[in-house]
1. Filter the strands (runs of 3 or more DSSP E) completely within the stretch 355-457 down to those with at least 2 residues that are modelled with pLDDT of 85 or more.
2. It is to be established whether one or more residues within the stretch 266-276 are assigned to a helix (DSSP H, G or I), assigned by TED's automatic domain parsing to the domain that holds residue 436 and either modelled with pLDDT under 70 or within 30 Å of residue 352 (Cβ to Cβ) (or both).
3. Does the stretch 4-27 contain any residue that is aromatic (Phe, Trp, Tyr), surrounded by 16 or more Cβ atoms within 10 Å (Cβ to Cβ) and at pLDDT 90 or above?
4. Does residue 374 count as of a type in the set (Val, Ile, Thr), under 22 Å from residue 417 (Cβ atoms) and surrounded by fewer than 22 Cβ atoms within 10 Å (Cβ to Cβ)?
5. Of all residues in the stretch 28-51 being of a type in the set (Gly, Ala, Ser), in a helix (DSSP H, G or I) and modelled with pLDDT of 85 or more, which is farthest from residue 74 (Cα to Cα)?
6. Please verify whether the stretch 180-187 includes one or more residues that are at pLDDT 70 or above and assigned by TED's automatic domain parsing to the domain that holds residue 19.
7. Only one residue in 68, 99, 104, 54 is in the same structural domain as residue 175 (by TED's automatic domain parsing), crowded, with 18+ Cβ neighbours inside 10 Å, under 30 Å from residue 135 (Cβ atoms) and modelled with pLDDT under 85, so which one is that?
8. Of the numbered conditions (1) among the hydrophobic types (A, V, I, L, M, F, W, C); (2) under 19 Å from residue 209 (Cβ atoms); (3) modelled with pLDDT of 90 or more, residue 82 satisfies every one except a single condition; which is it?
Amino acid sequence: MLPLPISPNIPRLYTAIAEWLSCIICLRLLRPRISTKKIAFISVGVLTLQSVLFCLTPHLNNILWILFMTAAVLIMWGFIYLCAEVNWRDAAYYAIRSFIIAEFAASCEWQFELLLINHEPPITSYTARILVLVICYGILFTIFDFVYYHYHPKEKDALITTGELISYAFIGLAVFVMSNLGFIVPGLPIYGNYSDQIYNARTLIDLSGVAIMYTYHILRMNMRIRYELDSVQNILHNQYAQYKQARDAIEMINYKYHDLKHHIIVLRAEENTEKRNEYLNQMEADLLNYEAQNKTGNTVIDVVLTMKTIYCQKHGITITSVIDGTLFKFMNAMDISSIFGNALDNAIECETKIASKEKRLIHVNAHSRKNFLIILFENYYEGEIHLGTGLPVTTKADSQFHGYGLKSVQYVAQKYGGAVDASASDHWFHLKILIPIPDSSTATDSDNNSKNSRSSF
């Protein structure tokens, strides 16, 4: 037994309210899975359930108490998972964080309330205690909301791996055990011999736990950002390397094209058989597949479009383009290659999944309007496309390591002060890139520019 004086423990209702508020703060950071009305209905139900469970179980032995707190965490996990568009690992991540924040908030508020209760004159009225509760929770959860809202990933997805979740759960468990060990095993030297001292130790440990989890969160976000930047840079360099290889290959093909074209002229001038004519016609048809048919005014775009067109021809994909390549003079070759290479790769990947070749369609357009370069990629799709914040969400199993192709497009656009927007309607996916043209003198409206390249394959 603890030596006197003994102070009452945190009211169970306070803990229930803290856990509920912590989940509400968390849901503000995430994309909703359901309507606002449904979220409000579920929120009221969860608060009622937690309050009833906490209030009906005032006295539990250690084993039952541990099981009860485990059930409380599971309720928080289910609450977040039902209301937010996250996977089960992300929901567990946010539930653990919310639980430790709630533990600290409840402990901190109760410390302050005990101080006022033991003060002379003591505050004992329910109205005053409710006011203290509202003020303390209001301040604490406003701080938590501000801090996490400003340091939350823009994608709104944690993308927690199983290994990271296990590590995070271990941290949460360690904090919870250490903060309550003084109550489970009375008389431990580090917690003191009085209940008030144990409460102080619990509050400090919970505060340390919140700090540790926040630090873990920030470090993970920074590691994720660095990984994404490295991945984008690798994609950019790979795209540029592919461009240089394609440029050399196309130059060689064009040389051979011109040589063979002259050979055909000579052969046609000679007397020949019907088979020879048939053979020559076939040669001409084959040569068309390798001719650099894209003449946009920009050699980088010409190369990328030609290589992608050759691939599309082999796979029954129709690609059309209307592009004024002269508008890209302010961009370097690597960035141009990245935009067109990655955007077209994304469109081609989508088209190859369509069974009917008649529906495999890709449109590319690039023009200027009001000092802005507008690049539009459109492709037909079947099934469903889930759009995140500006970009489609990958459906690949290892989603954490995919989707960097379009992110590299977004990265390049932002580099030039532009933006990327993705939308879908009537089975057409639209990827729109808007980039300001730095020199206004070059920003003539190209809608009527005769230099536009129009080609269909």
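The values are calculated or read from the model by the stated rules, or taken from the named source; none is laboratory data. Quantities reported herein were computed from a predicted structural model and do not represent experimental measurements. We place every Cβ from the backbone using ideal geometry, glycine too, and count neighbours over all the protein chains shown.
1. 361-369, 372-380, 419-425, 428-436
2. No, the stretch 266-276 has no match at all.
3. Checked against the condition, which is being aromatic (Phe, Trp, Tyr), surrounded by 16 or more Cβ atoms within 10 Å (Cβ to Cβ) and at pLDDT 90 or above, the stretch 4-27 yields at least one hit.
4. In short, yes.
5. 40
6. Scanning the stretch 180-187, I find at least one residue that is at pLDDT 70 or above and assigned by TED's automatic domain parsing to the domain that holds residue 19, so the answer is yes.
7. From the options 68, 99, 104, 54, the qualifying one is 54.
8. With respect to (1) among the hydrophobic types (A, V, I, L, M, F, W, C); (2) under 19 Å from residue 209 (Cβ atoms); (3) modelled with pLDDT of 90 or more, residue 82 is out only on (2).
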